[in-house]
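The values are calculated or read from the model by the stated rules, or taken from the named source; none is laboratory data. The model shown is predicted, which means the values in this text are computed figures rather than measured ones. We work out accessible area using only protein heavy atoms, side chains counted, and drop any ligands, DNA or RNA first. Shrake-Rupley method; radii C 1.70, N 1.55, O 1.52, S 1.80 Å.
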Amino acid sequence: DLFGQDKLVKDIEQSDLTEADLNYLLKGAVQCTPSMKDKAGRLVVCHFGGFFGDNHPFSSARVSWFVMESAFRRDDAAQRKGMVLVLYLAGILSMTHAMKELFYATCTKINRSLPMRHAAAHLCYSLPQ
């Protein structure tokens, strides 16, 4: 659903991202580098806000997929050990119900389809003032 039927068995490349996706990628909201590992050697993927506002959940989902798949493709140890997600869910409490449902459905779809194991997740958010 995120990239179309023709990309089902192919690697996702930066050229597969839309202009909105590239803008989101350049904001640095999703980060993962080979040096970002926890003490168990698991890859750490960080999502620093930017999920909401002018970003559609599908853009953040496509960028998340691209970043994680790119990192895992080259790291055999990470493929075996899995990853740790650090999510800062800025703005989630102020989202409309429909947008929350779309966001959760998109996250669920990604989790079920990624060929990567989530070993742990840390969820951070701000309470409204």
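Surface listing: 125, 24, 88 arranged by accessible area from highest to lowest gives 125, 88, 24, probe 1.4 Å.
Taking 76, 21 and ordering them by how much accessible surface each has at a 1.4 Å probe, largest first, produces 76, 21. Across the protein chains, with a 1.4 Å probe defining accessible surface, the residues 73, 112, 80 rank 112, 80, 73 from largest area downward. Accessible area of residue 13 (1.4 Å probe, protein heavy atoms only, ligands and nucleic acids ignored): about 80 Å². Among the listed pairs 7/109; 7/37; 39/81, those whose Cα-Cα separation exceeds 23 Å are 7/37.
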